[in-house]
Amino acid sequence: MADTWNRYLQLPEMTLQGGKRIPKTVLTVRAKLSKKEQKVLANLRELGNYAMLGKSNTGILPHCDDTYDIRAVIYLDCLLGSWDRTSELALILHRAFANPTVLLMRTASPLDGCAVSVATKRKSLAETGASVVENVDTTTTLDPVDGSTAAFWDLFAYERLPQTDLLDYVHGMQDAILFHNLHPRLGFTPKPGLIHRAEIRRELVRLKRVDTEIRGLDARRYDKDTSFGESAELRVLASGKKEEAQTIVDHIKELSHE
């Protein structure tokens, strides 16, 4: 898989870094990992520097202002022992790098599928010159035989992504992930080049949040310690959230087809 990522990503040849190995000891120091986090990191078998994008090799402008200092985007090839605690591991890896990172995650078996995680980084308010993770979006496992996976790679390919500047580029990748993860609720995957992309992104983020709230309410409702009265209240709250989610879905569909 490490040799075939670019079949899907379609990155310019000059951005590829040859997969040079990055020692896990470097990550432990950079991310200041606790003992517990080091146990999570143990699931990472190998980490390679797959590609780096910047103005010099793509022409995409950096994005530097009071909030962001984005001069490059890094793609990392991540070989995992299993899919256990993938979200925790992804956050650790994103923390270890100053630039926005794209994690290309896989296991030793191609039949296990793969996953992609993208993070935006912003300037730290507490430490001058440092950056912190602002937002992380991670795909569900991408099944190679699922039709929605092909649709995802079509949105995620280099030429399909917005390239006003590097922040815009990263947001485009995160949009593709949001659309893929929310595909079961939306029922469609949009074509690249959406006119109302910024507004759609806000609605996708909002839908992701509401869906998380619905799952939380449902989990509390079915908890064995929840009383009958509390369960009834939670059911009403969840029903309201589901109506809100459907309104967002309808708006996204409307924006996507204009």
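Computed from the coordinates by the stated procedures, all read-outs in this text should not be read as laboratory data. Keep in mind that what you see is a predicted model, and the values were worked out from it rather than measured. We place every Cβ from the backbone using ideal geometry, glycine too, and count neighbours over all the protein chains shown.
Here are a few things to note about the model shown:
- Note on the stretch 5-142: with charges restricted to the Cβ of Lys and Arg (+1) and Asp and Glu (-1), its dipole about the Cα centre is near 440 debye.
- Relative contact order computed over the stretch 5-142 (Cα-Cα under 8 Å; 6+ residues apart), in percent: 19
- Space enclosed by the convex hull of the alpha-carbon atoms of the stretch 5-142, per residue, Å³: 111
- Ellipticity estimate at 222 nm from DSSP helix runs (n ≥ 4, -39,500 (n - 2.57)) divided over the chain, nearest 500: -14000 deg cm²/dmol
- Springs between Cα atoms under 10 Å define the GNM used for the chain, and in it the highest mean-square fluctuation of Val133, Val210, Val29 occurs at Val29.
- Among Arg45, Arg30, Arg215, the residue with the largest mean-square fluctuation in a Gaussian network model of the chain, with springs joining Cα atoms closer than 10 Å, is Arg215.
- Charge-dipole axis of the stretch 1-144 as Lys and Arg at +1 and Asp and Glu at -1 on Cβ define it, positive-most pick from Leu33, Gly19, Leu104: Leu33
- With the Kirkwood sum run over all distinct C-alpha pairs, the chain has a hydrodynamic radius of 19.7 Å.
- Percent of beta bridges antiparallel (DSSP, the stretch 1-112, rounded to nearest 5): 70
- Student exercise, the stretch 172-226 dipole from Lys, Arg, Asp, Glu Cβ charges, in Debye to nearest 20: 100
- Reachable aspartates and glutamates, given that their alpha-carbon falls under 19 Å from the alpha-carbon of Lys35 and they are not under 8 places away in the same chain: Asp84, Glu88
- In this simple spin-label approximation, Arg206 and Ala130 carry label points 7 Å from Cα along the Cα→Cβ vector, and these lie 3.5 nm apart.
- Phi angles of the stretch 62-70 translate, via the Karplus equation with coefficients 6.51, -1.76, 1.60 and θ = phi - 60°, into HN-Hα couplings of x, 10, 10, 8, 5, 9, 10, 9, 9 Hz per residue; Gly and Pro are given as x.
- Applied to the stretch 99-106, the Karplus parametrisation 6.51 cos²θ - 1.76 cosθ + 1.60 on θ = phi - 60° returns per-residue 3J(HN,Hα) values of 8, x, 10, 10, 8, 9, 9, 8 Hz, with x for Gly and Pro.
- Remark: the chain carries a charge dipole of roughly 840 debye about the Cα centre, counting +1 on each Lys and Arg Cβ and -1 on each Asp and Glu Cβ.
- 22 Å Cα-Cα reach of Lys208 towards lysines, excluding residues that sit fewer than 8 places from it in its own chain: Lys121, Lys191, Lys241, Lys242, Lys253
- Under the span-like rule (Cα at least 18 Å along the axis, Kyte-Doolittle mean at least 0.0), DSSP H helices of the chain: 166-181
- Cut-off under 5 Å, modelled amide H: who pairs with Cys64 long-range: Ile70
- Using C-alpha pairs below 8 Å separated by at least 6 residues, the relative contact order for the chain is 14 percent.
- Over the stretch 119-218, the ratio between the Cα radius of gyration and 2.2 N^0.38 Å evaluates to 1.18.
- Secondary structure note: in the chain, about 80% of the DSSP beta bridges are antiparallel.
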